[in-house]
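Colleague: Can you keep this structure in mind? I'll have questions shortly.
The values are calculated or read from the model by the stated rules, or taken from the named source; none is laboratory data. These numbers come from a predicted model, not from an experiment. Cβ: placed from backbone, ideal geometry, glycine included. Neighbour counts: every protein chain shown. In case anyone asks, the SASA skips ligands and DNA or RNA and just uses the protein heavy atoms, side chains included. Shrake-Rupley method; radii C 1.70, N 1.55, O 1.52, S 1.80 Å.
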Amino acid sequence: MTHLLRATALIRLCTFICLLLPTAHAQDTLVRGPYLQKATPTSMTFRWRTGTASAGVVRYGSSTGKLTRTSTESESRTDHEVTLTGLTPNTKYYYSIGTASATLQGSDQHYFYTFPKEGTAKKTRIWSLGDFGNHSARQFNVKNAFKNYVQSIGDPYIDLWLWLGDNAYNRGLDKEYQANVFSADTGYSGDRFMKQTPIFATPGNHDYAGNNNLRVSLAIPYYQVISHPTNAEAGGVPSGSESFYSFTYGNIHFVSLDSDRYDDSTFKAANLRFGEASPQIAWLKRDLAAAQTNPNITWIVAYWHHPPYTKGTHDSDTEKQLRDVRMNLLPVLEQYNVDLVMCGHSHVYERSGLLKGHYGDAASFDARVHTNSPAPAGNSSKNVSNFVKNRKASVNEGTIYVVNGDGGAGGGHVTTGTAQWPHNAMDVSFDGTGGSMYIEIDGSKLVAKMITGDGTIRDEFTIRKESK
Ligand SMILES: [Fe+2]
């Protein structure tokens, strides 16, 4: 009898304690993320989604056992966005995400580094890929090949992750981002990179749902999924739009452009991108002029979706959108001596030497006129190229153009017409197992490697900045 009374009392006590416990334990499920956005030397933004509405909390500190600081949302929601401010530059922080009463995710894998102060040269590791979110074997292979490569060099922290557009097939819908980008299988939520590395994206035509009517507005899921700088939060000139933006990491200035959206209805009616009076071009000129004259900046890297030179799954000779990019945008970029341009859209890998002044079709390319670099190595299994530029050139010394739109989407190339694959202006052209890029910038040296879906380094190039 005594045992029965004790058991009953115990059950009542347990029931009472359970009633006191917040429901978050039982109900909250992590649907998406966490993923990192809008990084700066002193702040970091966290995004994640939960199954039920709650006020999100980020706990952070110098080690997993010392998450002593918190930042809490002011209202309950399912799509969470929390920005930590007042952080110390170039510093490692651990974090967890959750609610006031529960931790949804946090481990020794959940950490990030704040950006270094502008002008502080730090060895910077970048992962770049395009046209990836299609839940394919290629997407899975490319991701794992990159992961294996990083492990082979000691598994260092990756500082920046660039998405080159067509991030979620087929129409950039929220559910496609969920299934093809944030999933833990073919997508990226199961890997440490999404937990640790801030993502900087650019939109592609599939993110605009292939819908011409959407291409003058920001009313697409992409702008709900991503949070990008609009006010030069990490350097550069404020763009006032998440459609295009810039930021500075140490001594590297990054510029992201929107090559799919028309600036306004007038440009849309004229089917013209990057035209003379384009607000995006006006901002770009101001931003690049400031970067070029900024003594803290050694490198300028630009990225957008539509490539100026390609003979892969798209043809830059015949597609007006690509011709507009080449003829209207490139003269501006080259005026400011941009070092590296990375695009997607064509589901192949193509890479030029130091090009300058080539705004015509492939047939008009003349290496003696349009390049500022030696002939390619010509090794068919792996190209290794070395380029040298002036540290601060007053004249255009050429730009390396990369097409890397094979992060998941299938390949193909132009096999008809007078100018076929490979494009005359490209030193390296690869249509194979897909791939992504590992880029390391250390002071005045940039090394970029294209890592294929089967784990080989298909292309490697180096740019050195010298004070001549
Ligand atoms: Fe595309």
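Colleague: For Gly165, are the conditions met, namely being assigned by TED's automatic domain parsing to the domain that holds Ala409 and either open to solvent by less than 10 Å² (accessible area, probe 1.4 Å) or within 16 Å of the ligand (Cβ to nearest atom) (or both)?
Modeller: When the stated conditions are applied, Gly165 passes them.
Colleague: Hey, Arg273 hits all of (1) closer than 27 Å to Val150 by Cβ; (2) within 16 Å of the ligand (Cβ to nearest atom); (3) of a type in the set (Lys, Arg) but one; which does it fall short on?
Modeller: Among (1) closer than 27 Å to Val150 by Cβ; (2) within 16 Å of the ligand (Cβ to nearest atom); (3) of a type in the set (Lys, Arg), the lone unmet condition for Arg273 is (1).
Colleague: Could you give every pair whose Cβ atoms fall below 8 Å, whose first residue belongs to the stretch 195-208 and is in contact (Cβ under 8 Å) with a residue 40 or more places away in the chain, and whose second residue is among the basic types (Lys, Arg) and within 16 Å of the ligand (Cβ to nearest atom), counting only separations of at least 6 or pairs across chains?
Modeller: Pro203/Arg261; His206/Arg171; Tyr208/Arg215; Tyr208/Arg261
Colleague: A further question on this structure: Give me the residue from the stretch 142-160 that is aromatic (Phe, Trp, Tyr) and under 20 Å from Asp454 (Cα atoms) and, out of that set, nearest to the ligand (Cβ to nearest atom).
Modeller: Selected residue: Phe146.
Colleague: Of all the residues that make up the stretch 282-317, how many are more than 16 Å from the ligand (Cβ to nearest atom) and either open to solvent by less than 10 Å² (accessible area, probe 1.4 Å) or assigned to a strand (DSSP E or B) (or both)?
Modeller: Total satisfying the criteria: 10.
Colleague: Do we have any residue at all in the stretch 332-344 that's surrounded by fewer than 24 Cβ atoms within 10 Å (Cβ to Cβ) and under 20 Å from Tyr262 (Cβ atoms)?
Modeller: Yes - at least one qualifying residue is present in the stretch 332-344.
Colleague: Further, regarding this structure: When the residues of the stretch 98-141 are narrowed to those that are open to solvent by less than 50 Å² (accessible area, probe 1.4 Å), among the β-branched types (Val, Ile, Thr) and assigned to a loop (DSSP other than H, G, I, E, B), which ends up farthest from the ligand (Cβ to nearest atom)?
Modeller: Residue satisfying both the conditions and the ranking: Thr99.
Colleague: How many residues, within the stretch 318-344, are more than 15 Å from the ligand (Cβ to nearest atom) and under 21 Å from the mean Cα position of the chain (by Cα)?
Modeller: 7
Colleague: A further question follows. What number of residues in the stretch 194-242 are touching a Leu at 6+ places or on another chain (Cβ under 9 Å), within 16 Å of the ligand (Cβ to nearest atom) and farther than 14 Å from Tyr177 by Cβ?
Modeller: Of the residues in the stretch 194-242, 1 are touching a Leu at 6+ places or on another chain (Cβ under 9 Å), within 16 Å of the ligand (Cβ to nearest atom) and farther than 14 Å from Tyr177 by Cβ.
Colleague: Based on this model, can you work out whether Tyr188 counts as crowded, with 18+ Cβ neighbours inside 10 Å and more than 15 Å from the ligand (Cβ to nearest atom)?
Modeller: Here the answer is yes, as Tyr188 does meet what is asked.
Colleague: If you don't mind, there's one more thing I want to ask. Of all residues in the stretch 413-461, which are in a strand (DSSP E or B), open to solvent by less than 10 Å² (accessible area, probe 1.4 Å) and closer than 23 Å to His358 by Cβ?
Modeller: Residues satisfying the conditions are Val428, Met437, Leu446, Ala448, Met450, Asp459, Phe461.
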